[in-house]
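Only one structure is covered here, and it is reproduced in the block below.
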Amino acid sequence: MFVEDLTSDKASRVIGKIDTLILPVGTVEAHGPHCSVGADIIVPVRMAQEVEKLAGDRVLVAPIIPYGHTWHLKDFPGSHDVPAEVLVEYVYHVLKGFHDTWKIKYAIILNGHGGNDESLALASEKAASLGLATIVLDWWSGPFLEALNKVVPELDGHAGEGETSLVWNVGEKYVDTSIIPKEENPRLTNDTIASFSDIHDKRYASVALPRAYIGRPSRASMEKGRRLNEEAAKLVVELVDKVRSGKLF
Ligand SMILES: [Zn+2]
């Protein structure tokens with residue numbers, strides 16, 4: 001069930017009956033020369049729609065928080081950055097609102113952007129003090145990786161094969177297929193003892209990601225995106241059912 005579909009009357013009948021929230025969070029960020037800067041918004045929104053299709057009234061799907069913390073790539077044209085500490089407070093208050101007024105007990109954050117991770121962890125810790133249990137999911141890591149590797153054997157990250165496929169699946173207008181880079185950009189593979197997200201230097205992003213992508217976007221396809229989206233949504237629904245049956249907490 002989608003929050004934005006409900007009238008106030010319908011909401012009053014739902015409140016207290018659905019205890020699990022899906023909250024997508026994204027950002028506005030450069031994604032190679034070929035993907036829309038809305039990639040990290042439209043991908044988790046599409047996943048949340050698929051989750052709703054599978055889980056129906058077992059979950060309440062919230063509108064996305066579209067602005068995130070985009071420190072590394074903020075100097076690329078089209079990127080937009082909200083400071084991490086502002087995002088913590090904002091996400092916390094969104095969670096608190098669903099806890100206080102919608103009587104939500106469990107929140108699953110479907111995150112589209114790695115730069116949000118620290119803020120989402122801190123917001124979730126704060127929300128835990130209210131009695132709200134929150135799980136933050138990055139669709140490209142943890143349990144997702146194994147499932148998604150069935151479709152894209154080497155899931156490559158930012159605007160690469162996997163993500164470009166997912167964006168493409170949302171709509172053709174979000175990928176300019178005429179300019180998908182043919183060259184692989186492997187700069188972020190393990191040639192350094194620190195990972196990209198660990199290096200906080202203004203010059204580093206433009207050196208490591210000269211065109212704001214990594215991996216092999218030329219292998220992307222809409223069909224791969226459809227399958228990746230389905231696999232990811234299935235895992236989220238499995239988690240929802242675990243949470244609701246008391247098997248997780
Ligand atoms: Zn992205």
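Classified by the C-alpha gyration tensor, the stretch 19-147 has an oblate form. Its axis ratio a/c, with a ≥ b ≥ c, is 1.5 or above, and a/b does not exceed b/c. Summed over qualifying helices (DSSP H, 4 residues or more, each -39500 (n - 2.57)) and divided by its residue number, the chain shows a 222 nm mean residue ellipticity of -12500 deg cm²/dmol.
Near the amide H of Ile22, within less than 5 Å, lie the amide hydrogens of Leu60, Val61, Ala62, Ile108, all on another chain or at least 5 residues away, with H placed in the peptide plane. What is the helix-to-structure angle for 117-128, meaning the angle in degrees between its Cα long axis and the longest Cα principal axis of the chain, kept from 0 to 90 and rounded to the nearest 10? Roughly 10 degrees, rounded to the nearest 10. Look at the alpha carbon pairs under 8 Å that are at least 6 residues apart: their mean separation over the length of the stretch 28-170 gives a relative contact order of 24 percent.
For the chain, the solvent-accessible area works out to 47 Å² per residue, with a probe of 1.4 Å and every protein chain left in place. Computed from Cα positions, the angle between helix 222-244 and the longest principal axis of the chain comes to roughly 30 degrees.
Electrostatic tally near Tyr106: other residues with Cβ closer than 13 Å to its Cβ, Lys and Arg +1, Asp and Glu -1, net +4.
Using 0.36 nm per residue and subtracting the Cα-Cα separation, the extra length available between Ser206 and Glu4 on full extension is 68.9 nm. Summarising the label geometry, the points placed 7 Å from Cα in the beta-carbon direction at Ser178 and Ile193 lie 4.8 nm from one another. The count of lysine pairs in the stretch 60-184 that are at least 8 places apart or cross chains, and whose C-alpha atoms lie under 26 Å apart, stands at 8. Local charge for Ser245 was computed over the other residues whose Cβ lies under 14 Å away, with Lys and Arg +1 and Asp and Glu -1, and equals +2.
Per residue, the average separation of C-alpha pairs within less than 8 Å and at least 6 apart gives the chain a relative contact order of 23 percent. Of the peptides 162-174, 54-66, the order by per-residue mean of other Cβ atoms within 10 Å, starting with the highest, comes out as 162-174, 54-66.
Of the solvent-accessible surface of the chain, computed with a 1.4 Å probe and all protein chains present, 54% belongs to carbon and sulfur. So the label point goes 7 Å from the Cα of Glu89 along Cα→C-beta, right? Which residues of the stretch 105-124 then have their backbone N under 16 Å from it? The answer is 119-120, 122-124. Name the most mobile residue of Pro143, Pro44, Pro217, meaning the one with the largest mean-square fluctuation, in a Gaussian network model of the chain with Cα contacts below 10 Å. Largest GNM mean-square fluctuation: Pro143. In the chain, the longest principal axis of the Cα atoms and the axis of helix 161-170 are about 50 degrees apart.
Length gained on full extension, Val14 to Lys105, computed as 0.36 nm times the residue gap minus the Cα-Cα distance: 31.4 nm.
The values are calculated or read from the model by the stated rules, or taken from the named source; none is laboratory data. Here the structure is a predicted model, which is why all the values come from computation and not from measurement. Please note: Cβ atoms are built from the backbone with ideal geometry, for glycine as well, and neighbour counts cover all protein chains shown. Remember, those area values only see protein heavy atoms, side chains included, never the ligands or the DNA or RNA. Shrake-Rupley method; radii C 1.70, N 1.55, O 1.52, S 1.80 Å.
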